[in-house]
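The values are calculated or read from the model by the stated rules, or taken from the named source; none is laboratory data. Keep in mind it's a predicted model, so treat the numbers as computed, not measured. Reconstructed Cβ throughout: ideal geometry from the backbone, glycine too, with neighbour counts over all protein chains shown.
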Amino acid sequence: MEMSGRGNNERQAELRREAGRWLRKLRTERRLSQAELAGRVGAKDHAIISRIENGRLGVPADCYLTWAHALGVKPRWFVQKLMSCYDPVTYEILFKLGTVDKTASRVERAYSVAENSIQTIEIALDRRPVAPDLPKASACTGNRCGAVQHPADNPCDLLGHTEPADKLRVSRSSRPKPHTDQ
């Protein structure tokens with residue numbers, strides 16, 4: 001594991017320059033001079049802004065919110081971009097690996113839901129009567145399962161329809177009558 005060295009320092013310097021170019025772009029898109037931005041972020045003079053934009057300095061972490069507000073951008077987005085340049089290892093752990101974990105979790109959940117749906121469909125298909133002449137058959141009055149009839153001793157239990165079909169029948173006289181205004 002390389003803890004320091006010339007290659008690592010060059011990579012860090014390039015990332016600081018990348019952050020500086022991005023900050024310069026944000027500033028110029030908002031038509032701010034370095035002096036105006038320095039005033040908004042509380043820097044002593046515009047030379048500090050120049051050093052940051054050229055990659056010789058970084059924005060101090062305790063100033064991220066001030067800079068985000070001064071440039072009119074969302075703080076979370078601002079911090080993520082700077083962290084990707086200033087601290088890429090932490091950025092990868094927090095945002096890239098977390099995204100992979102979240103995506104994998106969503107895929108697993110979707111797969112599980114799909115698998116459960118398939119099992120439910122298979123169970124429903126297995127419960128459909130195959131023989132047209134079932135003993136003591138009565139029509140499924142709830143018509144919840146799509147079957148034409150069920151044996152009296154094997155009621156439709158799909159979707160909570162657990163009572164025998166003959167107990168589920170509702171006579172026309174026991175149904176509530178619609179309300180009419182006259």
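Which of the residues spanning the stretch 70-93 are surrounded by 13 or more Cβ atoms within 10 Å (Cβ to Cβ), of a type outside the set (A, V, I, L, M, F, W, C) and assigned to a helix (DSSP H, G or I)? Those that are surrounded by 13 or more Cβ atoms within 10 Å (Cβ to Cβ), of a type outside the set (A, V, I, L, M, F, W, C) and assigned to a helix (DSSP H, G or I): Pro75, Gln80, Lys81, Ser84, Tyr86, Pro88, Tyr91, Glu92.
Kindly evaluate Val73 against the criterion of being assigned by TED's automatic domain parsing to the domain that holds Lys25, at pLDDT 70 or above and in contact with a Leu (Cβ under 7 Å, 6 or more places away or on another chain). Answer is yes for this residue.
Scan the stretch 32-57 for residues that are in contact (Cβ under 8 Å) with a residue 24 or more places away in the chain, surrounded by fewer than 19 Cβ atoms within 10 Å (Cβ to Cβ) and of a type in the set (Gly, Ala, Ser) and the total you get is 1.
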